[in-house]
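Notes to accompany the following structure.
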Amino acid sequence: MIKPWMKPTRVEWISFFTLMPVLTALLNHLLFGERMWHDRTIWLYSFPLIYVQGFFSWYFHIVSMHWLRIRLPDLHHTLLRLTVLAATHIGLTSLTFAGLFYGFDYFHFLGYVLDVHQFKTSILLAVALTLIATTSWEAEYVIIKWKESLAEKEEVQQLAIQYEFETLKSQVNPHFLFNCFNTLSSLISEDARQAESFLDELSKVYRYLLRNNEDGLSTLQNELKFIESYYRLLKTRHGEAIQIQMEVDKRYDNYLLPSLSLQLLVENAVKHNVVSKYQPLVIDIFTMAGNQLAVNNNLQCKTIKDPSNKIGLANIRLKYELLDQPGFQVLSDTRNFTVILPLIWDSGYEKKISAVQKQIHPH
């Protein structure tokens, strides 16, 4: 049974049927000269014989080439593979033509008498044609391997991106939950009824957070819905001391941004600023020209700063870097702190992340 690697490819078959008739005609002209054009026996016997011999010689060339591709398959083996292949093909070609010319001479086939000059010329001709064919075969193989290499590289990059996303997402949930439990602990001692309301709202919000955090990216519409839920949670704790105002153009609803980006920014604003009835923290979320979303808060920094693990802004910035999406900015002056988030039109980002997620979590 013929193994798959022993079967010629389509390009190799085409090269044989293209070059072999030319080579057969040239060889017969070298062997018999002008006699070829008026001696019918040359066309009846010599042409088929040389063509068949050429087929077997070509096939051994193909088998040796395919075997070398198994032994030396990678792109960095190309030079070594070509060197060995050239030596093999020149050797096979020389043996084939020596057998042809000396065989015709030994049997005086159709009256042929060996001409050493013709023999050397035929060897040079055959080697040239063989190298031309080999070049086309190897070019096809190298292009295929190059495409495979690019595909493997892209897959590795996608897996790396998804791994980073998984790492970043694993940071968000415990961080959020830790802060909420601290708030709940304070409420229990201050107002049990408010604590109960807060816990009920927390369960709803956290379920939403878990579901939304499954994806690397989410639509702006979903992010804003979550912020509305999260805002109700904050109002339970802070009352009128915090205000969130949203002015978002509806045409951006289906644009994408890293999941939970808004929640992290709102949480950071609450963490690092004074939040009181007399100094309310005002957070504005609004869209801007150029597919951008701004999250701005009035700057009223706490005198004593809370410990920070630097998750918020670094988390969002790294996600944008992994997506190779420029435009993330942090702007600050004496009165305001603003973060600019690029809104991404779905040009394959979501599909790319989803496809890689399926590879990592097939079930």
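Annotations for the structure displayed:
- Estimated FRET transfer efficiency when R0 is 35 angstrom, pair GLN221-ILE144 (beta carbons, to 0.05): 0.20
- FRET E, pair VAL127, ASN291, Förster distance 45 Å, beta-carbon r, rounded to 0.05: 0.15
- Inter-label distance for ASP105 and GLU196, nm, one decimal - labels placed 7 Å from Cα along Cα-to-Cβ: 11.2
- Taking 16 Å as the cut-off, the amide N atoms of the stretch 182-200 that come nearer than this to a point 7 Å along the Cα-to-beta-carbon line of SER229 belong to 198-200.
- From phi via Karplus (6.51, -1.76, 1.60), per-residue ³J(HN,Hα) for the stretch 79-92 in Hz, x at Gly/Pro: 4, 5, 4, 5, 5, 5, 5, 4, 5, 5, 5, 5, x, 5
- Label point distance in nm, ARG40-LYS3, each placed 7 Å from Cα along Cα→Cβ: 4.8
- Distances between placed amide hydrogens fall under 5 Å for GLN300 paired with VAL274, all partners being 5 or more residues away or on another chain.
- Kirkwood radius for the stretch 1-111, taken over all pairs of different Cα atoms as the inverse mean of 1/r, rounds to 15.7 Å.
- For the pair PHE47 and ALA151, a Förster radius of 41 Å applied to the C-beta separation gives a FRET efficiency near 0.35, rounded to the nearest 0.05.
- Long-range amide H partners of SER218 with built H, under 5 Å: LEU257, SER259
- Taking the charge dipole of the stretch 36-158 about its Cα centre, with +1 at Lys and Arg Cβ atoms and -1 at Asp and Glu Cβ atoms, the residue from THR135, THR93, PRO73 reaching farthest to the positive side is THR93.
Only the coordinates and a few stated rules stand behind these numbers; no lab work does. This one's a predicted model, so the numbers in the text were calculated from it and none came from an experiment. Because the Cβ atoms are built from the backbone with ideal geometry, glycine has one as well, and the counts that use them run over all protein chains shown.
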